[in-house]
1. Would you check which residues across segment 276-292 are more than 12 Å from Val327 (Cβ to Cβ) and surrounded by fewer than 24 Cβ atoms within 10 Å (Cβ to Cβ) and list them?
2. If Glu133 passes every condition in (1) in contact with an Asp or Glu (Cβ under 8 Å, 6 or more places away or on another chain); (2) assigned to a helix (DSSP H, G or I) but one, which one does it miss?
3. For segment 21-51, which positions are within 24 Å of Leu135 (Cα to Cα) and charged (D, E, K, R)?
4. Show the residue pairs meeting these rules: Cβ distance below 8 Å; 6+ apart or different chains; first residue within segment 232-253 and closer than 18 Å to Val335 by Cβ and surrounded by 15 or more Cβ atoms within 10 Å (Cβ to Cβ); second residue at pLDDT 95 or above and among the polar types (S, T, N, Q).
5. Evaluate segment 198-218: report whether one residue or more is free of Cβ contacts under 8 Å to residues at least 12 places away in the same chain and touching a Leu at 6+ places or on another chain (Cβ under 7 Å).
6. Somewhere in segment 402-419, is a residue assigned to a strand (DSSP E or B) and among the charged types (D, E, K, R)?
7. Of all residues in segment 210-224, which are under 19 Å from the mean Cα position of the chain (by Cα) and aromatic (Phe, Trp, Tyr)?
8. Pull up segment 219-252, narrow it to residues that are in a strand (DSSP E or B) and among the hydroxyl-bearing types (Ser, Thr, Tyr), then point me to the one that is farthest from Val432 (Cα to Cα).
Amino acid sequence: MKKQITALIAGTILCVSAAFAQNADVVEKSFYPYKEGVPSYKGLKSGMVINQANVEQFKEILDESMYQFIKDGWTEMKITDTVAYELNSSYIAATKANLNKVTLGTKTGDIQGFVAGRPFPAEPNADDPRAGEKLAWNYKYGYNWGDSGAVYPFYWKFRDLNSAKIERTLKFNFHFLNLKHRVTDTPKPDLPRNPGNLFRAIYVQVLEPFDVKNTQLLIHRYEDDLKRDNAWLYLGFQRRVRRLSTGQITDSFLGSDLMIEDFEGYNGRISDMTWTYKGTKNILLPFYKHNDQKLTEDHKMSDGYKFVAYGGKGGCFPQVDWQLRKVYILEAKPVDPNHPISKRVHYVDAETFTLPRTVIYDRKGDLWKTFIIGQAHPDFHIAKNKGSGVSIDDSFMMLDVQGAHCTTGQFKGQLDSKLSPRKKFTVQNMRVTGK
């Protein structure tokens, strides 16, 4: 009997040990995809340029839009070594602590048991009909801007693709605050006094030009994804706050080529889309060290900070390095049949779960817009971002192929909670700021 009990205990210990090892392996593979080596492709070398002359050789590792742009001579692509963007250790630790506790409900947008970290770190399975939805949750609860962050300042330029004329320049401040699932900023995991049970808040203020100065946007996103966001707009010339209707998040924002729903790659509810995992590939993405890039003297700041330069057709393309990286291809189709697009195809970076490349199709299924969000390594950016473990949004291009027009963005992203105090994310702040 003693031998049987001893054998049973030993077997149990072995099973538990094996389970822990398996769980640790899942997290390890999710956050360190390049631990065993970086992806490679025949003929691809750091320092080389992909252009019209050699683009056919690299078609397999380019998304369809970038391949066509290079083939048509609209832009070139400078290649650099694939570099790990290790996320914040507290976010990784939270993923380990909450592993296998998260489940999906019966409806898209219903999630149970989530506390903090990456909800579904296991590799997506093509046989899982909800694999795409799990990837979308990983993006929503990703470490994008950490627990709070600011783009301070943020320049948008409206450009004619054919003439390269800059039609308009807007200067903003953007602010982000997570009220729940926090892993670095205290208090954590949740802020107190949150009766509405909000997950996240976004606040935008226009600084220039004069005709739209003090236009402000405030978005409150609920923890319950099935509840619609609350959003308000303050128009400086009207001096009043008005609530945004649901349809306005898919309108052009201040005359740009972006919808509010486009912010950060996708700024909507999980429940607003049908998500489909379309496979895993190695694709060239705009990941780079900001301080090593070709930077412009335009908008140079008093502290010496310089923004990313633009070039190519229309001056629309950020002049940054591209890396070969592991990517999950994620298709998002709107649930609402009246939505202005038929689908987005996101190229999700498997390490950071940012959305550096998105291709957007109109209702007929034709290519409409293409989105680049350049990702800067935090350790090669401004001093306060070093060691933050946040992949820094650093440049963007939204190109309307059909309209021959683009909007470009130059960021000064800052991981500094003092820039985004909680009081900034209130309707009252909009009124006070607008006076």
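1. Selection gives Thr276, Lys289, Asn291, Asp292.
2. Here Glu133 clears every test but (1).
3. Taking segment 21-51 first, the residues within 24 Å of Leu135 (Cα to Cα) are 21-39.
Asp25, Glu28, Lys29, Lys35, Glu36 - these are the residues of segment 21-51 that are within 24 Å of Leu135 (Cα to Cα) and charged (D, E, K, R).
4. What qualifies is Ile249/Asn267.
5. Just the residues of segment 198-218 that are free of Cβ contacts under 8 Å to residues at least 12 places away in the same chain, to begin with: 210.
Then keep just the ones that are touching a Leu at 6+ places or on another chain (Cβ under 7 Å); that gives none.
No, every residue in segment 198-218 fails to be free of Cβ contacts under 8 Å to residues at least 12 places away in the same chain and touching a Leu at 6+ places or on another chain (Cβ under 7 Å).
6. The initial filter retains those residues of segment 402-419 that are assigned to a strand (DSSP E or B), namely 405-414.
Narrowing the set further to residues that are among the charged types (D, E, K, R) leaves 412.
Yes; the residues of segment 402-419 include at least one that is assigned to a strand (DSSP E or B) and among the charged types (D, E, K, R).
7. Tyr222
8. So in segment 219-252, the residues in a strand (DSSP E or B) come out as 219-222, 230-235, 240-243, 252.
Next cut, among the hydroxyl-bearing types (Ser, Thr, Tyr) only: 222, 234, 252.
Numbers: Tyr222: 24, Tyr234: 11, Ser252: 26 Å.
It comes out as Ser252.
The values are calculated or read from the model by the stated rules, or taken from the named source; none is laboratory data. Being a predicted model, the structure only gives us computed values, none of them experimental. All Cβ positions, even for glycine, are placed from backbone atoms using ideal geometry, and neighbour counts span all protein chains on display.
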